[in-house]
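Nothing in this text is a laboratory measurement; each read-out follows from the coordinates by a stated rule. All figures in this text were calculated on a predicted structure; none of them were measured in a lab. Here the Cβ positions follow ideal geometry from the backbone for every residue, glycine too, while neighbour counts run over all protein chains shown.
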Amino acid sequence: MAKPKVAFFDFTSCEGCQLNKLNLENHLLDVLEHIDIVEFREAMDDKADEYDIAFIEGSISTPQCVERIHDIRRRAKTLIALGSCASIGGINSMKNLQPIESVREAVYGKDKYLFPTLPAIPVSAIVKVDYEIYGCPMSIPEFLQVFKSLIMGKAPIKSDSPVCVECKLKENECLFERGMVCLGPITRSGCDAICPSFGQFCTGCRGLVPNADKNAMTDILMKHGLSTDEASKRLLMFNSYVSDEMVN
Amino acid sequence: MVDTTLVRKAMSELAYQDQNPMELYYPEIAEITKVNQFTELEKWYEITLPNGRDLGHQPGQFVQVSLFGVGEAPISITSSPTKKSAFELCVRNVGMLTDKLHLLDVGSNLGIRGPFGKGFNIDAFRGKDVLIVGGGIGIVPLRSLINYIIDNRQEFGRLIICYGAKSPKELLFADELKLWESDPEIEYHVTVDNIIPEWKGHVGVITTLFPNIELDLENTIAAVVGPPIMYKFVLMALKTKQLPDENIYLSLERRMKCGVGKCGHCQINQSYVCQEGPVYHYPDIKNLPEAI
Amino acid sequence: MKQVNVFLCLTVTFQMKWLINHGKNSWGIHSMSKNLDIMVKHLTRVEGHGNIVVNMKDGVLEKAQLDIVEAPRYFEAMLKGRSFHEAAIITSRICGICSLGHQMTSLKATEDALGLEISTQTELLRKLLIHGATIQSNILHIYFLVAPDLLGAPSVFPLIPTHKDVILRALRMKRMANDIGDIVSGRAVHPITPVPGGFTQIPSVGELKEIRRQLVEDGIPDMMETVKTLASVAHMIPNFTRETEYISLKHPDEYALYDGDIFSSDTGPAPDSDYLKMTNEFVVTHSTSKHCKHSRSSYMVGALARWNNNYKQLCENALKAADSLGLKPNCNNPYMNTIAQAVEVQHCIENAISIIDTLLDRGLKDEKPNQEPTRYGKGVGSNEVPRGILYHEYEYDRKGNIIAANCIIPTGQNLGNIDDDMKKLVPEIVDRPKEEITLHLEMLVRAYDPCISCSVHFLDVTFVE
Amino acid sequence: MKSIHLAPENVSDLIRHLQTLGKVFAPHPKGDTSFSFETVSDPDSVVLDYNRTLQSIKKYFLPPRERLMSYSMETNQYEKEEISAEPRIFLGVHSYDMQAVLKLDFNFGQGNPELNYLKRRENCSFIGVSFTPDDYHFSQSVGIPVEDLKGFDLFFRKHESGYTVFVVTKKGEELLQDFSSLSDTGFESDISYEFSTQLSINYNRLPELFNHVWDSPVWEEVSRNCVGCGTCNLVCPTCYCFNVEDNVELSLKTGTRDRHWDGCMLNSFAAVAGGENFRESYAERQRHRIYRKFKYISDVTGEPWCVGCGRCIASCTAGISIVEIVNKLKDEYEQTRLIKSTNKQERASVESSM
């Protein structure tokens, strides 16, 4: 069986996910056993016309991004959003909170309907995304899990339970117990609760679980000491991109 | 085999006990001996256990099919218990396991645990007219019952089959359907939901078949299997026909991980579908608010 | 409010255009009749593709510009109103490659602004982290980005079968460095445990001993091999020099990475509160990001600057490594930045070992981070990150939320210097084949190690003659 | 009942003695204010005076993550996991957690008795300790007093001057055999333990209450603040639902089948492959969780399946309390019944006056 052709592309992001791929060190050569990397700007010059699997890092934030992601989608059999910027808009989407109506018009003119929320939007707002790997930075175990599934030709398991679950399985002391506020209750798990396990609150970097009740979560944050403003800011740190706005 | 004497000793100290502890989660490695792609989504398999051992199931029971590296899923047995030395599954590609299962061909191995759960209570059907109501892939477990009846035809009264699918393309077991249709001892009714030019048969949801069917109410037992949405309407229609609730059996689908009453996923109120179902006697569940 | 140039780390845009108005020097004579157009396209990773454009007509260099266009990411606006608990979490996302550096600098700025004292243990652990990050980043740059140039390969992948032991060594060294990050800060990219006033969680004695073991048993021998490998290809490094001002931190007691005053090779020391006077950001009309200058038209930051300013404080083996790699004090060849990085790795490995020893000798204490502000106001943090000196400045309100923020990033400080280097370099090599000129230009940009995306082997060369 | 007196400074000696008989597990401090059961390595770090551990000792019999088998995808052969039945001694267990283990014994011992669980349960001794109820404990309301000895082999009663260690079973006596000579003391419960949190209904009446409250508006009301994080399931000592997953090695040639705890409050717990989710809303899930504690299994066993440890209350960030839910259900039920009966009376009186 021919090895799948894999390509990596990056859009607006900090490159941390790319770096994390190189941080696979112990597994990097094993990963390369299974695939042919045909495009990976961080590491090589080569280019290819089509890809079996395209990994996309970064948010979409300019009209050129849109054009380019459409082009990649056309040439990719499977397209995967890698990391928070690509999958949920991520930290970039914080700028969406700024008043930018005029900027939108100026930047996109009549095409501004492509960007109802503003520059920083997830890949799935523009093209069909087959799978998403969450996290800022993306979690290596999850990357490997998705990677293995794809090579085996099966759908990767997609976590829809919150970080709390992983904390409880690890018997971590709840950070609320320590007087901190944490977005673990509504943030998609899959990171093995890495931040709470190291004593730091969950920032919500992996996006919210399906059915997440933001209002109830805001109440919880306020119950534990945040003001309304602080609570909503905390919730929006990585999750300012609101998908329902895209519907219009 | 694990030596269970120690555990039995421990069990005697436990507050509750009834029988020997079992290795519940280890599958038997079986082989796919025949394959038939029915439709784009449905594929049929004949599975042979080691040494052609008989599975020993009842119509309506299921097995846990496992593929190493992918996982396990409950799948209804579609062959009749009268078929020995191999059994059959018909699988719709809707999930991770089935997706991968569809790539397998004759000679491939898969893991089997089971049969699990309760099937159709054949004794209740014996000597009675049998009304089969199957929607979509609901026909898969029903086929096991139908073929059992066909193979023991003299033990049963009328055999009335109502089969509904979204479109003619989605009708399963096409060859057998022709046999059922032409069999003078079977009253076969089929319908599709959508109007398709080349389809000359009945169009409409499955309950639209009922008005044309005369039932001997006291003497008819119904077996109903279909998607969750179908039950409400079928049960309502059967009520309109005044078929007593005691005469209805139906099979429910729930998420399952273990098949042995432990993992908790399949619970409908207090009932574990993998233990007391998937086939239920309707009076047993009609008061369970989570059932239908 | 001041526009923050945080995207500089990721985006570089500069343009230069000047006339060569005399033909009397050695290169001028040859270039009088030379026509050259070089278009290096897609320098950066995204749609903004950085382009190196060199345009020479009749020996006159009309245009030499490097555009990397990417939308600013508005971190300054994002920080506004954010709590001091969140500042470092957000700013570490400016750059995944130097996330630890941003985080450390951010924490220092916040602690300065809020008057938060940190313990000696915290400082030691932070220094250990910076060593890890420096080793990681320098090794990545040396082996994955520069080595293919020196070995004539288009990327690191073809080197896997031909130089497997070298690649495995690089991966081992990277893993070792990342282990320091993973163990001390929870995660090498976007670290978790460092917070204002300390750490949310500290490593165990066993974990520190394990890092120490790796540094001693793998790190030191691997570094010796690294020096040998580099020495064997050092002749491939272009010989180019230009008198330059070097700015870095300087500390009286140690090779400054975490702490120290700002130091210019031209003008001497200055406190980090003077960072604006040292950077003097100015807008160039053709660029969305600002350039910096100090006593001359440009200056350089990074490993070479640190070497030139502080080499005497390196450990003995690092000095030996420098010697065997031909790196001399007051080196004015920017290509040697890569060698200076290697020398630093040697220093960081040995210094990390002694930091661990100090930590173990003192005994680890479970300390709560000190997060009770004693004042609210402005604060500056500065740090040597792999690519050079990094500054963050925040102003906090009385609730501990940010009113204003400013970040000045090493890559931005180096832009003018790259610019000036190219001015001198292009005419010197103008006689050579275009491919070679292009390669030299790419290697120059890469030597500054602006960022993974800005410096690696995805430079798609197009000639537009 | 036989007993020994144990001065606080002698507790460590006893632990050291127990360590000669088996692996000892006991509560240790964890984090800022919490506790967890851990293998004892240093007897002096054991804490017997604690409110509750983050997880109950369930984790030793039904591990949070457990490998069921390892397999080769090339040969389709698998290896079973060895389950150790080494002697284990659990020291410092509260009565409610002991009762929770006995309940799990039922879940895993009846129907299809599960070897994995029962093998781990084998060769275990349990040493109880009394506790001072805090704002979350309500075990007495579900029939489990502080000094409930059921399931224990030894029991530590805390005094001002240390502990009286009561011998409950023959096995318990054996544990003390070479440690100290036993004296005979009575086991009068002269200590009273006040529970500030209580169900307002006798637990015997719970199954009856739950016959009437399926459609109660209380479910919606109490679920309004719920975010469905599943914490209440995952800290519960009597919750035992699990999920099974296959994990493959990077070679794609070998892999493992693993199970891990799951919870009925979580999104996909009741979702089937076709997309249908049989318990979509938080209120439906909350109702299912509570019915499992007070109705479904209780109908069979006659006992509540909640042990009153208070973990789900203490760890709910939204402040949802199982005690409050039950009390509200009761109040609401009684009120509607009252209204119904008053209506009836009114109607009757109206009718009679006509």
Inset, instruction - Pick out, in residue order, every one of the GluC sites (Glu not before Pro) in the stretch D:1-91 that is DSSP loop and has at most 13 other C-beta atoms within 10 Å; say none if there are none. - result: D:74, D:82
Inset, instruction - Find, among the GluC sites (Glu not before Pro) in the stretch C:87-171, those assigned to loop by DSSP (not H, G, I, E, B) with at most 13 other beta-carbon atoms within 10 angstrom. - result: C:117
Inset, instruction - Would you pull out the residues with amide H under 5 Å of residue B:288's amide H, same chain only if 5 or more places away, H placed 1.01 Å from N? - result: none
Legend entry - Globularity ratio of the stretch B:5-116, using Cα Rg and 2.2 N^0.38 Å: 1.25
Legend entry - Gaussian network model of chain D, Cα within-10 Å springs - most flexible of D:75, D:53, D:33: D:75
Legend entry - MRE, 222 nm, helices only [DSSP H, n ≥ 4, -39500 (n - 2.57), over chain D, to nearest 500]: -8500 deg cm²/dmol
Inset, instruction - Take peptide B:224-232, look around each residue's Cβ out to 10 angstrom, count Cβ atoms belonging to other protein chains, and average those counts. - result: 1
Inset, instruction - Just tell me how shielded D:81-88 is by partners: mean number of partner chain Cβ atoms within 10 Å of each residue's Cβ, no decimals. - result: 1
Inset, instruction - Quote the Stokes-Einstein diffusion coefficient, in whole µm² s⁻¹, for chain B, based on the Kirkwood radius over alpha carbon pairs, a temperature of 20 °C and a viscosity of 1.002 mPa s. - result: 107
Inset, instruction - Find how much the distance from residue A:75 to residue A:27 grows on full extension, using 0.36 nm per residue of separation minus their present alpha carbon separation; answer in nm with one decimal. - result: 14.5 nm
Legend entry - Between the stretch B:167-211 and the stretch A:135-155, the alpha-carbon center distance in angstrom: 44
Legend entry - Selected from B:257, B:178, B:118 as most flexible by GNM, with chain B as the system and alpha-carbon contacts under 10 Å: B:178
Inset, instruction - Give, in nm to one decimal, the length gained when the segment between residue D:161 and residue D:180 is fully stretched (0.36 nm per residue of separation minus the Cα-Cα distance). - result: 5.1 nm
Inset, instruction - Within the stretch D:129-216, list the trypsin sites (Lys or Arg not before Pro) lying in a DSSP loop whose Cβ has at most 14 other Cβ atoms in a 10 Å radius. - result: D:150
Legend entry - Beta bridges by DSSP in the protein assembly as shown, antiparallel share as percent, to the nearest 5: 65
Inset, instruction - Return the aspartates and glutamates within reach of residue C:399: Cα separation strictly under 15 angstrom, same-chain partners fewer than 8 residues apart disregarded; answer none if there are no such residues. - result: A:229, A:230, C:86, C:111, C:372
Inset, instruction - Please give the contour-minus-distance gain from residue B:108 to residue B:219: 0.36 nm per residue of separation, less the Cα-Cα distance, rounded to one decimal in nm. - result: 35.5 nm
Legend entry - Packing-based exposure ordering (other Cβ within 10 Å, fewest first) of A:85, D:229: D:229, A:85
Inset, instruction - Please list the non-local residues whose amide H lies under 5 Å from the amide H of residue D:199, H modeled 1.01 Å from N, same-chain partners needing a gap of 5 or more. - result: D:141
Legend entry - Distance violations [Cα-Cα > 30 Å] among B:84/B:257; A:158/D:59; A:168/D:170; A:168/C:365; B:118/D:253; A:158/B:262: A:168/D:170; B:118/D:253
Inset, instruction - For each pair in D:23/D:58; A:3/D:80; C:127/C:228; D:171/D:293, compute the distance between the two Cα atoms and list the pairs where it is over 21 Å. - result: A:3/D:80; C:127/C:228; D:171/D:293
Inset, instruction - Could you run the Karplus curve 6.51 cos²θ - 1.76 cosθ + 1.60 with θ = phi - 60° over the stretch A:210-216 and give me ³J(HN,Hα) per residue in whole Hz, x for Gly and Pro? - result: x, 6, 4, 9, 5, 5, 4
Inset, instruction - List nothing, just return the count: lysine pairs in the stretch B:122-251, 8 or more apart or interchain, with Cα separation under 18 Å. - result: 7
Legend entry - Shielding of B:61-70 by partner chains, average beta-carbon count, 10 Å: 5
Inset, instruction - Please figure out what share of the DSSP beta bridges in chain D is antiparallel and state it in percent, rounded to the nearest 5. - result: 75
Legend entry - Residue of D:28, D:137, D:212 that the Gaussian network model of chain D assigns the largest fluctuation, springs spanning Cα pairs under 10 Å: D:212
Legend entry - Only Lys, Arg (+1) and Asp, Glu (-1) charged, at Cβ; the protein assembly as shown dipole about Cα centre in debye: 1360
Inset, instruction - Please give the peptides C:314-325, B:138-149, C:265-276 ranked by average Cβ packing (other Cβ atoms within 10 Å per residue), highest first, as a rough proxy for protection. - result: B:138-149, C:314-325, C:265-276
Legend entry - Where labels lie 7 Å past Cα in the beta-carbon direction, separation of residue D:276 and residue A:228 in nm: 4.3
Legend entry - Gyration tensor verdict on the protein assembly as shown (Cα atoms; rounded if a/c is under 1.5, prolate if a/b is larger than b/c, oblate otherwise): prolate
Inset, instruction - Neighbouring Cβ atoms within 10 Å as the yardstick, rank B:96, D:265, A:217 fewest first. - result: B:96, A:217, D:265
Inset, instruction - Place a +1 charge on the Cβ of each Lys and Arg in chain B and a -1 charge on the Cβ of each Asp and Glu, then give the dipole magnitude about the Cα centre in debye, rounded to the nearest 20. - result: 480
Inset, instruction - Answer with one residue from B:104, B:234, B:192: the one whose Cα lies farthest towards the positive end of the charge dipole of chain B, charges on Cβ with Lys, Arg +1 and Asp, Glu -1. - result: B:104
Legend entry - Per-selection Kirkwood Rh - the stretch D:205-339 (Cα, Å, 1 d.p.): 16.4
Inset, instruction - Extending each Cα 7 Å along its Cβ direction at residue D:299 and residue D:193, get the distance between those two points in nm, one decimal. - result: 3.1
Legend entry - When the convex hull of its Cα atoms is projected in every direction, mean area for chain D (nm²): 24.6
